[in-house]
Amino acid sequence: MISFEQAREVVIAQSKSRRAAQQSISLPVQDALGYVLAQEILTDREYPPFDRSTRDGYAARASEARSGASLRCVGEIKAGDSVVEPLPAASCVQIMTGAAVPAGADAVVMIEFTRREGEVVTFERPTQSGQNIVPRGSEARAGQVALSAGLRLGFAELAVAAQVGAATVCCYRKPSVAILSTGDEVVPITEKPGPFHIRNSNGVSLAAQVQLAGGTPVSLGNALDRVEDLAEKIERGLQHDILALSGGVSMGKYDLVESVLKGLGTEFFFDAVAIRPGKPAVFGRCRETLVFGLPGNPVSTMVTFQLFVTAAIDVLSGREARALPFLEARLSKDTKEKSGLTHFLPARLEWVGMEPKVAALEWQGSGDISALARANCFLVVPAERPEIAAGDRVSVLPRGDVL
Ligand code: AMP
Ligand code: MG
């Protein structure tokens, strides 16, 4: 059985070979959060576009504004003012944060380090040339790459695009991810379940995970554990870049997903991974669609999505697959699991001062959704180190959306 690291490598490699079909779209920058840039964005001018004061104070020549020296203040400059006149010799000018420093001045002295009587300003500390000034062009030259193609647009990247005047940006279309749950016991969340039915929570959590990962979720509802219904709904899923199924991939008599996929011509790349929860996870390709068969127990579904499907969404979005953001923490409670599988246990990471501490939560196994809702991370118990003592350092995988 392959490890989760190997399984991810397989997912990434297969997703890369599918990437060719990418289309780009034009979007107002305000609507582009989470999209991946399909173009380079260049600076339209130098940044900053003028020598910018970073403090409220007085612009002066450092050689004249020595400690104890006094200079005559000849005016004021606020942010947005046009500055054309150079600073006359033996004088200073009051200046505000964000304003342009006049030619001749090479330092801004913070107002806190001056005294003023009438027009005369006395400097109380030594002044260095260049202090509190960001020189024109020091952040970026004109025509330089401000944002490269393949970058995912977060709030800071959007601010850069806005700063350089890219009101419209060219991005890759988000991959469309069909979500199909399976199971005779599964009913829509808008219906009252019979005594032995359960609501389709996976349909909701998967759609949320798709969105967070940067895909467009398309809900196909639920298929019964029957070949015809599965085949018909899986066919619909094959219209999309990715099909994420939940349930029906274990060893039970009615776990039919794999055989139906096979009948439709799916090529499988793995059909089990050495993890718990999530061992029966299946990955393959059917026609042009990447297909994931995730085990139906909700925690298994969520873990396997985070480990594998996010990587495929990253690559089909036009960016590199993000590495799993493992952290190190100190274990606060002894932990013992079965060897041979890497465990991802719902856990809580808390910071005691600067030190991260983690403990697995009490839970009833991979059907226990509320345990994962109380968790903010997974405690990773490696296959080859099933017993870990309190106080040892352990690896932790933050839950995709809360840390
Ligand atoms: P399966 O992987 O089909 O054997 O399902 C494993 C467990 O997960 C069973 O207890 C199912 O009832 C439960 N389950 C399957 N699909 C869903 C779903 N869509 N939402 C919530 N629980 C589910
Ligand atoms: Mg089932």
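The values are calculated or read from the model by the stated rules, or taken from the named source; none is laboratory data. None of the values given here were measured: they were computed from a predicted structure. Every residue, glycine among them, receives a Cβ derived from its backbone with ideal geometry; neighbour counts consider all protein chains shown. Each accessible area value is taken on the protein alone, full model and side chains, heavy atoms only, with ligands, DNA and RNA left out. Shrake-Rupley method; radii C 1.70, N 1.55, O 1.52, S 1.80 Å.
Seen through its C-alpha gyration tensor, with square-root eigenvalues sorted a ≥ b ≥ c, the chain comes out prolate because a/c lies at 1.5 or above while a/b is bigger than b/c. Converting phi to 3J(HN,Hα) with the Karplus coefficients 6.51, -1.76 and 1.60 and the offset θ = phi - 60°, the stretch 282-291 yields 10, 9, x, 9, 10, 6, 9, 9, 7, 10 Hz in sequence order, with x at every glycine or proline. Summary of packing: across the peptides 307-315, 253-261, the per-residue average of other C-beta atoms within 10 Å ranks them, highest first, as 307-315, 253-261. Across the chain, Cα pairs under 8 Å and at least six residues apart give a relative contact order of 16 percent. Taking a quarter of the surface of the Cα convex hull of the stretch 183-270 gives a mean projected area of 6.5 nm². Sorted on the mean count of surrounding Cβ atoms within 10 Å across their residues, most packed first, peptides 384-394, 6-16 read 6-16, 384-394.
Protection proxy ranking of 175-188, 366-379, 140-153, by the mean of other Cβ atoms within 10 Å over each peptide's residues and highest first, is 175-188, 366-379, 140-153.
Full extension of the segment from ARG19 to PHE326, taken as 0.36 nm per residue of separation minus the current Cα-Cα distance, would add 107.9 nm.
Where both bridge residues fall in the chain, DSSP classifies roughly 65% of the beta bridges as antiparallel. Extent of the stretch 272-353 along its three principal axes (Cα atoms, max minus min coordinate, largest first): 49, 29, 21 Å. Note on the chain: helix-only mean residue ellipticity at 222 nm, from DSSP H runs of 4+ residues weighted -39500 (n - 2.57) and normalised by residue number, equals -5500 deg cm²/dmol.
Out of the total accessible area of the stretch 106-175 (probe 1.4 Å, heavy atoms of protein only), what percent is carbon and sulfur? Reported share for carbon and sulfur atoms: 53 percent. Shown for the stretch 186-318: the carbon plus sulfur share of the solvent-accessible area, taken with all protein chains present and a 1.4 angstrom probe, equals 56%. Legend: distances between Cα atoms for LYS174/LYS279; LYS253/LYS338; LYS192/LYS333; LYS192/LYS233; pairs beyond 31 Å are LYS192/LYS333. Residue by residue, the stretch 86-100 carries 3J(HN,Hα) couplings of x, 6, x, 4, 6, 8, 9, 9, 6, 9, 10, 4, x, 8, 7 Hz when phi is fed to the Karplus relation 6.51 cos²θ - 1.76 cosθ + 1.60 (θ = phi - 60°); x denotes Gly or Pro.
Calculated accessible area for the chain comes out at 48 Å² per residue, all protein chains present (probe 1.4 Å; ligands, DNA, RNA ignored).
Remark on VAL291: its backbone amide H falls under 5 Å from those of LEU243, GLY284, ARG285, CYS286, a criterion applied only to residues 5 or more positions apart or on other chains, H modelled at 1.01 Å from N. Near the amide H of ASP334, within less than 5 Å, lie the amide hydrogens of ALA390, all on another chain or at least 5 residues away, with H placed in the peptide plane. Near the amide H of TYR35, within less than 5 Å, lie the amide hydrogens of LEU153, all on another chain or at least 5 residues away, with H placed in the peptide plane. Once you keep just the Cα pairs under 8 angstrom separated by 6 or more residues, what percentage relative contact order results for the stretch 138-204? Computed value for the stretch 138-204: 19 percent relative contact order.
Across the stretch 21-143, the convex hull enclosing all Cα atoms gives 137 Å³ per residue.
3J(HN,Hα) along the stretch 335-344: 9, 9, 10, 6, 7, x, 10, 7, 9, 10 Hz, from the Karplus curve 6.51 cos²θ - 1.76 cosθ + 1.60 with θ = phi - 60°, whole Hz, x for Gly and Pro.
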